[in-house]
Amino acid sequence: MLYHIYVLIRLNDRMMNLGQIIDVKGIVEKRKEALKLKIDKLNDRNIVPKLAVILASFDEASKIYVGKKKRLCEEFKILQEEYIYDENVTEDELLNLIDKLNNDDTVDGILIQLPLFKHLDEKKILNYIKPTKDVDGFHPVNLGNLVAGSKGIVSCTPKGIITILEDIGEDIKGKNAVVIGRSVIVGKSIAHLLLNKDATVTICHSKTKNLEYYTKNADILVVAVGIPKFIKSDIIKEGSVVIDVGINRVDGKVVGDVDTEDVLEKVKYVTSVPGGVGITTVLSLIENVADVASLR
Ligand code: GUN
(Lines give C-alpha, C1' and ligand atoms only; values in the text may rest on other atoms or scores of the structure.)
Protein backbone atom coordinates (compact mmCIF):
# COMPACT_ATOMS: atom_id res chain seq x y z
CA MET A 1 0.00 0.00 0.00
CA LEU A 2 2.71 2.44 1.03
CA TYR A 3 4.66 1.45 -2.05
CA HIS A 4 1.64 2.23 -4.27
CA ILE A 5 1.27 5.66 -2.71
CA TYR A 6 4.99 6.25 -3.27
CA VAL A 7 4.68 5.25 -6.94
CA LEU A 8 1.66 7.51 -7.41
CA ILE A 9 3.51 10.46 -5.86
CA ARG A 10 6.52 9.83 -8.08
CA LEU A 11 4.29 9.54 -11.18
CA ASN A 12 2.55 12.76 -10.22
CA ASP A 13 5.90 14.46 -9.69
CA ARG A 14 7.07 13.42 -13.09
CA MET A 15 3.87 14.59 -14.76
CA MET A 16 4.13 17.94 -12.97
CA ASN A 17 7.77 18.27 -13.97
CA LEU A 18 7.37 17.51 -17.64
CA GLY A 19 9.14 19.99 -19.86
CA GLN A 20 7.42 21.94 -22.55
CA ILE A 21 7.59 21.68 -26.31
CA ILE A 22 8.15 25.23 -27.49
CA ASP A 23 5.26 26.63 -29.50
CA VAL A 24 7.42 27.80 -32.40
CA LYS A 25 4.35 28.27 -34.61
CA GLY A 26 3.01 30.80 -32.11
CA ILE A 27 6.36 32.60 -32.05
CA VAL A 28 6.41 32.71 -35.85
CA GLU A 29 2.86 34.13 -35.97
CA LYS A 30 3.91 37.01 -33.68
CA ARG A 31 6.99 37.69 -35.80
CA LYS A 32 4.86 37.62 -38.94
CA GLU A 33 2.67 40.43 -37.59
CA ALA A 34 5.73 42.62 -36.90
CA LEU A 35 7.17 41.78 -40.31
CA LYS A 36 3.92 42.66 -42.10
CA LEU A 37 4.01 46.11 -40.46
CA LYS A 38 7.63 46.58 -41.54
CA ILE A 39 6.83 45.65 -45.14
CA ASP A 40 3.72 47.89 -45.14
CA LYS A 41 5.99 50.79 -44.16
CA LEU A 42 8.34 49.94 -47.03
CA ASN A 43 5.39 49.81 -49.45
CA ASP A 44 4.34 53.26 -48.18
CA ARG A 45 7.79 54.45 -49.33
CA ASN A 46 7.10 52.79 -52.73
CA ILE A 47 9.63 50.06 -51.97
CA VAL A 48 8.73 46.49 -52.88
CA PRO A 49 11.52 44.20 -51.62
CA LYS A 50 12.92 41.71 -54.12
CA LEU A 51 14.77 38.45 -53.59
CA ALA A 52 16.74 36.59 -56.25
CA VAL A 53 17.02 32.83 -55.68
CA ILE A 54 19.57 30.68 -57.48
CA LEU A 55 19.14 26.89 -57.58
CA ALA A 56 21.97 24.93 -59.19
CA SER A 57 21.49 21.35 -58.05
CA PHE A 58 19.05 18.45 -58.37
CA ASP A 59 18.87 18.08 -54.59
CA GLU A 60 15.27 17.17 -53.67
CA ALA A 61 15.37 18.84 -50.23
CA SER A 62 16.68 22.06 -51.83
CA LYS A 63 13.70 22.12 -54.21
CA ILE A 64 11.37 21.83 -51.21
CA TYR A 65 13.17 24.65 -49.34
CA VAL A 66 13.11 26.91 -52.41
CA GLY A 67 9.37 26.22 -52.73
CA LYS A 68 8.82 27.20 -49.07
CA LYS A 69 10.79 30.42 -49.53
CA LYS A 70 8.75 31.23 -52.63
CA ARG A 71 5.44 30.74 -50.78
CA LEU A 72 6.54 32.98 -47.93
CA CYS A 73 7.67 35.67 -50.38
CA GLU A 74 4.19 35.54 -51.92
CA GLU A 75 2.57 35.81 -48.48
CA PHE A 76 4.55 38.98 -47.75
CA LYS A 77 4.27 40.35 -51.29
CA ILE A 78 8.02 40.20 -51.76
CA LEU A 79 9.03 39.97 -55.40
CA GLN A 80 11.00 36.89 -56.30
CA GLU A 81 13.18 36.02 -59.27
CA GLU A 82 14.20 32.38 -59.64
CA TYR A 83 17.25 31.21 -61.57
CA ILE A 84 17.23 27.44 -62.01
CA TYR A 85 20.12 25.65 -63.69
CA ASP A 86 20.91 22.11 -64.78
CA GLU A 87 24.25 20.30 -64.48
CA ASN A 88 25.66 22.07 -67.57
CA VAL A 89 25.90 25.39 -65.75
CA THR A 90 29.42 26.79 -65.51
CA GLU A 91 31.01 28.74 -62.69
CA ASP A 92 31.43 31.73 -65.03
CA GLU A 93 27.74 31.72 -65.85
CA LEU A 94 26.85 31.90 -62.18
CA LEU A 95 29.46 34.57 -61.44
CA ASN A 96 28.11 36.68 -64.34
CA LEU A 97 24.58 36.32 -63.02
CA ILE A 98 25.65 37.30 -59.48
CA ASP A 99 27.51 40.30 -60.92
CA LYS A 100 24.34 41.40 -62.70
CA LEU A 101 22.24 40.95 -59.54
CA ASN A 102 24.83 42.72 -57.37
CA ASN A 103 24.47 45.78 -59.62
CA ASP A 104 20.69 45.68 -59.96
CA ASP A 105 19.25 48.27 -57.55
CA THR A 106 15.82 46.61 -57.62
CA VAL A 107 17.27 43.41 -56.13
CA ASP A 108 17.66 43.55 -52.34
CA GLY A 109 18.74 40.01 -51.55
CA ILE A 110 20.55 37.20 -53.35
CA LEU A 111 20.21 33.63 -52.12
CA ILE A 112 22.12 30.67 -53.48
CA GLN A 113 20.51 27.46 -52.33
CA LEU A 114 23.09 24.97 -51.09
CA PRO A 115 24.43 22.46 -51.95
CA LEU A 116 25.52 23.33 -55.49
CA PHE A 117 26.46 20.84 -58.24
CA LYS A 118 29.76 19.20 -57.29
CA HIS A 119 31.79 20.84 -60.09
CA LEU A 120 31.00 24.33 -58.74
CA ASP A 121 33.22 26.00 -56.14
CA GLU A 122 30.70 26.84 -53.43
CA LYS A 123 32.93 29.22 -51.46
CA LYS A 124 34.06 31.15 -54.54
CA ILE A 125 30.46 31.61 -55.69
CA LEU A 126 29.10 32.59 -52.27
CA ASN A 127 31.94 35.06 -51.75
CA TYR A 128 31.01 36.78 -55.02
CA ILE A 129 27.70 38.02 -53.60
CA LYS A 130 27.81 41.64 -52.47
CA PRO A 131 27.87 41.38 -48.64
CA THR A 132 25.02 43.90 -48.32
CA LYS A 133 22.79 41.63 -50.44
CA ASP A 134 23.88 38.39 -48.76
CA VAL A 135 20.57 37.66 -47.02
CA ASP A 136 21.82 34.21 -45.97
CA GLY A 137 24.68 35.79 -44.00
CA PHE A 138 27.23 33.33 -45.42
CA HIS A 139 29.69 35.88 -46.85
CA PRO A 140 33.00 36.21 -44.95
CA VAL A 141 32.24 39.90 -44.34
CA ASN A 142 28.99 39.02 -42.57
CA LEU A 143 30.61 36.13 -40.72
CA GLY A 144 33.44 38.47 -39.70
CA ASN A 145 30.92 41.01 -38.38
CA LEU A 146 29.30 38.23 -36.39
CA VAL A 147 32.63 37.22 -34.84
CA ALA A 148 33.47 40.86 -34.13
CA GLY A 149 30.04 41.42 -32.60
CA SER A 150 29.37 44.15 -35.19
CA LYS A 151 26.22 44.82 -37.18
CA GLY A 152 25.78 42.66 -40.26
CA ILE A 153 23.42 40.17 -41.84
CA VAL A 154 22.96 37.16 -39.57
CA SER A 155 22.33 33.75 -41.09
CA CYS A 156 18.77 32.56 -40.91
CA THR A 157 18.75 29.43 -38.73
CA PRO A 158 20.92 30.91 -35.94
CA LYS A 159 18.85 34.11 -36.03
CA GLY A 160 15.69 32.01 -35.65
CA ILE A 161 17.17 30.13 -32.68
CA ILE A 162 17.94 33.37 -30.84
CA THR A 163 14.39 34.64 -31.38
CA ILE A 164 13.04 31.37 -29.96
CA LEU A 165 15.27 31.68 -26.85
CA GLU A 166 14.28 35.31 -26.38
CA ASP A 167 10.58 34.55 -26.80
CA ILE A 168 10.57 31.87 -24.09
CA GLY A 169 12.32 34.36 -21.81
CA GLU A 170 15.56 32.40 -21.54
CA ASP A 171 18.23 34.63 -20.00
CA ILE A 172 21.30 33.67 -22.04
CA LYS A 173 23.82 35.69 -20.03
CA GLY A 174 26.21 33.48 -18.04
CA LYS A 175 24.57 30.25 -19.16
CA ASN A 176 26.53 27.21 -20.29
CA ALA A 177 25.63 26.84 -23.96
CA VAL A 178 26.77 23.78 -25.85
CA VAL A 179 26.49 23.57 -29.62
CA ILE A 180 26.92 20.19 -31.27
CA GLY A 181 27.95 20.68 -34.90
CA ARG A 182 30.50 23.06 -36.37
CA SER A 183 29.05 23.98 -39.78
CA VAL A 184 29.33 27.61 -40.83
CA ILE A 185 25.59 27.72 -41.57
CA VAL A 186 24.53 26.66 -38.07
CA GLY A 187 27.11 25.57 -35.48
CA LYS A 188 29.76 28.27 -35.73
CA SER A 189 27.22 31.04 -36.28
CA ILE A 190 24.90 30.17 -33.40
CA ALA A 191 27.94 29.71 -31.16
CA HIS A 192 29.05 33.29 -31.84
CA LEU A 193 25.55 34.70 -31.43
CA LEU A 194 25.30 33.01 -28.02
CA LEU A 195 28.78 34.23 -27.11
CA ASN A 196 27.81 37.78 -28.09
CA LYS A 197 24.94 37.42 -25.64
CA ASP A 198 27.36 36.50 -22.84
CA ALA A 199 26.85 32.74 -22.73
CA THR A 200 29.83 30.48 -21.99
CA VAL A 201 29.95 28.54 -25.22
CA THR A 202 31.42 25.16 -26.13
CA ILE A 203 31.33 23.78 -29.65
CA CYS A 204 31.34 19.97 -29.85
CA HIS A 205 31.67 17.95 -33.04
CA SER A 206 32.27 14.47 -34.42
CA LYS A 207 35.81 14.30 -32.96
CA THR A 208 34.80 15.48 -29.47
CA LYS A 209 35.83 13.04 -26.75
CA ASN A 210 33.38 12.35 -23.95
CA LEU A 211 30.52 14.35 -25.44
CA GLU A 212 28.26 13.77 -22.46
CA TYR A 213 30.69 15.62 -20.17
CA TYR A 214 29.68 18.76 -22.07
CA THR A 215 26.01 18.01 -22.73
CA LYS A 216 25.34 17.13 -19.08
CA ASN A 217 26.50 20.63 -18.13
CA ALA A 218 24.58 22.45 -20.87
CA ASP A 219 21.89 24.89 -19.76
CA ILE A 220 21.25 25.53 -23.44
CA LEU A 221 21.94 22.69 -25.88
CA VAL A 222 21.81 23.29 -29.63
CA VAL A 223 21.99 20.12 -31.69
CA ALA A 224 22.88 20.16 -35.39
CA VAL A 225 24.50 16.81 -36.14
CA GLY A 226 22.20 15.18 -38.70
CA ILE A 227 21.77 11.93 -36.76
CA PRO A 228 18.16 10.93 -36.01
CA LYS A 229 17.25 11.01 -32.28
CA PHE A 230 20.94 11.30 -31.33
CA ILE A 231 20.26 13.12 -28.05
CA LYS A 232 18.47 11.17 -25.29
CA SER A 233 17.58 12.13 -21.74
CA ASP A 234 20.54 10.33 -20.14
CA ILE A 235 23.10 12.83 -21.47
CA ILE A 236 21.33 16.14 -20.87
CA LYS A 237 21.06 18.43 -17.87
CA GLU A 238 17.87 18.59 -15.81
CA GLY A 239 15.94 21.79 -16.55
CA SER A 240 17.86 22.60 -19.73
CA VAL A 241 16.62 24.17 -22.95
CA VAL A 242 17.23 21.93 -25.95
CA ILE A 243 17.09 23.28 -29.49
CA ASP A 244 16.85 20.65 -32.22
CA VAL A 245 18.17 21.79 -35.61
CA GLY A 246 18.13 18.32 -37.19
CA ILE A 247 16.03 17.45 -40.21
CA ASN A 248 16.38 13.72 -40.96
CA ARG A 249 14.15 11.59 -43.10
CA VAL A 250 13.44 8.17 -41.57
CA ASP A 251 10.89 5.80 -43.16
CA GLY A 252 9.26 8.71 -44.96
CA LYS A 253 8.96 10.76 -41.76
CA VAL A 254 10.93 13.84 -40.74
CA VAL A 255 12.66 13.48 -37.36
CA GLY A 256 15.14 15.65 -35.52
CA ASP A 257 18.50 15.02 -33.85
CA VAL A 258 16.79 14.91 -30.44
CA ASP A 259 14.54 12.17 -29.09
CA THR A 260 11.86 14.68 -28.09
CA GLU A 261 9.60 12.31 -26.14
CA ASP A 262 12.53 10.86 -24.24
CA VAL A 263 14.03 14.22 -23.17
CA LEU A 264 10.70 15.81 -22.29
CA GLU A 265 10.79 14.52 -18.70
CA LYS A 266 14.11 16.23 -18.08
CA VAL A 267 14.13 19.49 -20.05
CA LYS A 268 12.53 22.81 -19.26
CA TYR A 269 11.94 23.40 -22.96
CA VAL A 270 12.59 21.55 -26.20
CA THR A 271 11.79 22.33 -29.83
CA SER A 272 10.04 19.71 -31.95
CA VAL A 273 10.76 18.48 -35.46
CA PRO A 274 8.84 19.23 -37.59
CA GLY A 275 7.29 22.48 -36.39
CA GLY A 276 10.45 23.75 -34.71
CA VAL A 277 13.54 25.65 -35.81
CA GLY A 278 12.85 24.99 -39.51
CA ILE A 279 9.84 27.28 -39.64
CA THR A 280 11.78 30.16 -38.11
CA THR A 281 14.60 29.83 -40.68
CA VAL A 282 12.46 30.82 -43.66
CA LEU A 283 10.90 33.69 -41.75
CA SER A 284 14.36 34.98 -40.78
CA LEU A 285 15.21 35.08 -44.48
CA ILE A 286 12.22 37.28 -45.28
CA GLU A 287 13.14 39.51 -42.30
CA ASN A 288 16.66 39.87 -43.69
CA VAL A 289 15.30 40.81 -47.13
CA ALA A 290 13.00 43.43 -45.55
CA ASP A 291 15.88 44.81 -43.46
CA VAL A 292 18.11 45.18 -46.54
CA ALA A 293 15.26 46.84 -48.47
CA SER A 294 14.69 49.31 -45.64
CA LEU A 295 18.23 50.66 -46.28
CA ARG A 296 17.38 51.63 -49.89
N1 GUN B 1 20.94 24.68 -47.61
C2 GUN B 1 20.62 24.21 -46.37
N3 GUN B 1 20.30 25.22 -45.55
C4 GUN B 1 20.43 26.35 -46.25
C5 GUN B 1 20.23 27.72 -45.94
O6 GUN B 1 19.88 28.11 -44.82
N7 GUN B 1 20.45 28.59 -46.96
C8 GUN B 1 20.84 28.17 -48.19
N9 GUN B 1 21.06 29.10 -49.12
N10 GUN B 1 21.05 26.92 -48.52
C11 GUN B 1 20.83 26.00 -47.54
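The values are calculated or read from the model by the stated rules, or taken from the named source; none is laboratory data. The structure displayed is predicted, hence computed values, not measured ones. Note that we place each Cβ from the backbone using ideal geometry, even for glycine, and neighbour counts take in every protein chain shown.
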Flagged in the range 170-196 as within 15 Å of the chain's Cα centre (by Cα), closer than 21 Å to Glu212 by Cα and either assigned to a helix (DSSP H, G or I) or basic (Lys, Arg) (or both), in numbering order, are Arg182, Val186, Gly187, Lys188, Ile190, Ala191, Leu194
Contact list, first residue from the range 47-73 and over 16 Å from Asp136 (Cα atoms) and modelled with pLDDT of 95 or more, second anywhere and assigned to a strand (DSSP E or B) and more than 9 Å from the ligand (Cβ to nearest atom), beta-carbon distance below 6 Å, six or more apart or interchain, is Val48/Leu79
Notebook entry, point to check: Quick check: is even one residue across the range 102-112 in contact (Cβ under 8 Å) with a residue 12 or more places away in the chain, under 21 Å from Gly67 (Cα atoms) and more than 19 Å from the chain's Cα centre (by Cα)?
Noted result: yes
| query | Could we say that Ile64 is within 13 Å of the ligand (Cβ to nearest atom) and either part of a loop (DSSP other than H, G, I, E, B) or surrounded by 15 or more Cβ atoms within 10 Å (Cβ to Cβ) (or both) here? | reply | no
Across the range 258-280, the tally of residues that are within 22 Å of the chain's Cα centre (by Cα), touching a residue at least 40 places away in the same chain (Cβ under 8 Å) and part of a loop (DSSP other than H, G, I, E, B) stands at 7
Note on Leu285: of the conditions (1) outside any loop (DSSP other than H, G, I, E, B); (2) surrounded by fewer than 17 Cβ atoms within 10 Å (Cβ to Cβ), unmet is (2)
Scanning the range 98-116 residue by residue, those assigned to a helix (DSSP H, G or I) and either within 13 Å of the ligand (Cβ to nearest atom) or more than 21 Å from Ala290 (Cβ to Cβ) (or both) turn out to be Ile98, Asp99, Lys100
Residue in the range 157-169 that is within 16 Å of the ligand (Cβ to nearest atom), at pLDDT 95 or above and in a loop (DSSP other than H, G, I, E, B) present
no
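Given the structure, is Lys38 buried (at least 16 other Cβ atoms within 10 Å of the Cβ), within 13 Å of Ala290 (Cα to Cα) and more than 16 Å from the ligand (Cβ to nearest atom)?
Working: buried (at least 16 other Cβ atoms within 10 Å of the Cβ): yes; within 13 Å of Ala290 (Cα to Cα): yes; more than 16 Å from the ligand (Cβ to nearest atom): yes.
So Lys38 fits the description; yes.
Sort through Asp198, Asp219, Asp244, Asp234 and tell me the only one that's modelled with pLDDT of 95 or more, exposed (fewer than 14 other Cβ atoms within 10 Å of the Cβ) and under 18 Å from Leu165 (Cβ atoms). Steps first, answer last, please.
Values: Asp219 fails: exposed (fewer than 14 other Cβ atoms within 10 Å of the Cβ); Asp244 fails: exposed (fewer than 14 other Cβ atoms within 10 Å of the Cβ); Asp234 fails: under 18 Å from Leu165 (Cβ atoms).
Going through Asp198, Asp219, Asp244, Asp234 in turn, the sole match is Asp198.
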A careful count of residues in the range 67-91 that are within 15 Å of the ligand (Cβ to nearest atom) and in a helix (DSSP H, G or I) gives 6
Residue hits (the range 117-147; part of a helix (DSSP H, G or I), charged (D, E, K, R) and closer than 11 Å to Val184 by Cβ) are Glu122, Lys123
Would you call Leu94 crowded, with 20+ Cβ neighbours inside 10 Å, within 14 Å of the ligand (Cβ to nearest atom) and not β-branched (Val, Ile, Thr)? yes
Could you say whether any residue in the range 169-178 is in contact with a Phe, Trp or Tyr (Cβ under 9 Å, 6 or more places away or on another chain) and within 29 Å of Leu126 (Cα to Cα)?
yes
The residue that is nearest to Val270 (Cα to Cα), considering only those in the range 209-234 that are in a loop (DSSP other than H, G, I, E, B) and without any contact (Cβ under 8 Å) to a residue 12 or more places away in the chain, is Asn210
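Restricting attention to the range 132-145, and to residues there that are more than 15 Å from the ligand (Cβ to nearest atom) and not small (Gly, Ala, Ser), which single residue is farthest from Ile54 (Cα to Cα)? Spell out how you get there, then give the answer.
Applying the first criterion (more than 15 Å from the ligand (Cβ to nearest atom)) to the range 132-145 yields 132, 140-141, 144-145.
In the following step, the residues that additionally are not small (Gly, Ala, Ser) were identified as 132, 140-141, 145.
Values: Thr132: 17, Pro140: 19, Val141: 20, Asn145: 24 Å.
Looking at the filtered set, the residue picked out is Asn145.
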